[in-house]
Amino acid sequence: KVKALIDKLCLTRELKRDEWVTLIRERTHGTAEYLFELARAVRIRYYGHDIYIRGLIEFTNYCRNDCYYCGIRKSNGNAQRYRLSKEEVLSCCEHGYELGFRTFVLQGGEDGYFTDDRLCDIVSSIRTGFPDCAITLSVGERSPESYQRLYDAGADRYLLRHETYDCGHYGRLHPPQLSASHRRKCLWNLKKTGYQVGTGFMVGSPYQTPENLADDMMFLARLNPQMVGIGPFVPHHDTPFADAPGGTAELTVFMLGLIRLLLPRVLLPATTALGTIDPDGREKGILAGANVVMPNLSPAQVRKKYLLYDNKICTGDEAAESLNNLKERMEKIGYHITVDRGDSLNI
Ligand code: 5AD
């Protein structure tokens, strides 16, 4: 039954809600292997064996929000807060460019210090200094006007995970000031502005059901984003979910395979969270249909402070400096890291 649903997804790119639920709930090791074979074939048809790299610059861990799962939530008094200056961000880009990065991802908490004026100044400096690079922002919910100004300043892409489609589930993960519907509104605004948009969700977040994941998949089908970032939920010791069980690599890679079949041309990272819970997470992600990795380009002294979850890997092969190790690991499984902006074919 599961195999037939995988075939149907591959052929028609459309499943009903109860079919998604069955597919997710009744998956087995055998059906997962079958899914990954199809997902790899689709990925190779569109992207060959190329892997795109993104340099992740975590430029502020101040955040006005208080998401129950996140280590940099406002109420975590143990987090050591920092902000990078424009000069520090630019020197990360400089370093990254030399290493072969052609996309920079500026990620941060929702930090009121970074007004449109300040953020636009940083974006336009990168735009001028690195004209052949893509600039991706991941700075949360802002007004349509703000998204427009940042776009006009030179940002090309925007990452904003929807986290979970279901309003009730969203409410169990976030304080009442935040809502699933406003989150999604922001995503549609980003699309309208002209960004290449990335969304996504955590796998195995507290209270998540197969029905929630089914809704997430159906939302992805409607939004048709250029990028989808998913990773396992990993508990952080200073949050209300400190003792909640984490998501598994097994379900995460299964969902990666499904996303590749649903959105054949999407850019799909094998995320840091996946690499954190499984030493072979990156490889497993790529072999399930992922085609992007995002090594950490933040200055070494702040990396440990951008702790969204416990044990987050930020040294070794996770670090941009060890790109050569990452290259070797990818070559071992038959894939090649490329020096390219790596724009989505999903336009
Ligand atoms: N475990 C896994 N992922 C997390 N994120 C935040 N906290 C955690 C956690 N504890 C993810 C969210 C957010 C992205 C930047 O990091 O999905 O969108």
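So, in Å, what gap is there between the alpha-carbon centers of region 21-75 and region 255-306? Measuring centre to centre over Cα atoms gives 6 Å. Ordering Leu38, Gly109, Ile230 by the projection of their Cα atoms onto the charge dipole of region 2-338, which places +1 on the Cβ of Lys and Arg and -1 on the Cβ of Asp and Glu, puts Leu38 at the extreme positive end. Which entries in Lys86/Lys304; Lys3/Lys192; Lys185/Lys284 show an alpha-carbon gap greater than 25 Å? Correct reply: Lys3/Lys192; Lys185/Lys284. For Asp340, the residues 5 or more places off, or on other chains, whose built amide H falls under 5 Å of its own are Ile53, Arg102. Take every Cα pair under 8 Å whose residues are at least 6 apart in sequence, average their separation, divide by the length of the chain, and the relative contact order is 24 percent. The ranking of Trp188, Trp20 from fewest to most other beta carbons within 10 Å of each one's beta carbon is Trp188, Trp20. The spacing between region 147-178 and region 207-251, judged by their C-alpha centroids, is 14 Å. Think of it this way: in the chain, Cys10, Cys63, Cys92, Cys93, Cys120, Cys133, Cys167, Cys186, Cys314 stand alone, with no other Cys Cβ under 4.7 Å. Residue by residue, region 266-272 carries 3J(HN,Hα) couplings of 6, 8, 10, x, 7, 7, 4 Hz when phi is fed to the Karplus relation 6.51 cos²θ - 1.76 cosθ + 1.60 (θ = phi - 60°); x denotes Gly or Pro. Add -39500 (n - 2.57) for each DSSP H run of 4 or more in the chain, then divide by its residues: what number comes out at 222 nm, to the nearest 500 deg cm²/dmol? Result for the chain: -13000 deg cm²/dmol, rounded to the nearest 500.
If the segment from Glu98 to Lys332 were pulled out straight at 0.36 nm per residue, it would be longer than the present Cα-Cα gap by 81.8 nm. Please give me the summed charge of the neighbours of Asn224: other residues whose Cβ is under 12 Å from its Cβ, Lys and Arg +1, Asp and Glu -1. Residues close to Asn224 contribute a combined charge of +4. Extending 7 Å from Cα along the Cβ direction at Ile44 and again at Glu19 yields two label points whose distance is 2.6 nm.
Cross-link partners for Lys16 among the aspartates and glutamates, with Cα-Cα distance under 13 Å and sequence neighbours closer than 8 places in the same chain left out: Glu211, Asp215, Asp216.
Values in this text are rule-based calculations from the coordinates and carry no lab data. Only a predicted model underlies this, so the values are computations on that prediction, with no experimental measurement involved. A quick note on method: Cβ atoms are made from the backbone with ideal geometry, for glycine too, and the neighbour counts reach across all protein chains shown.
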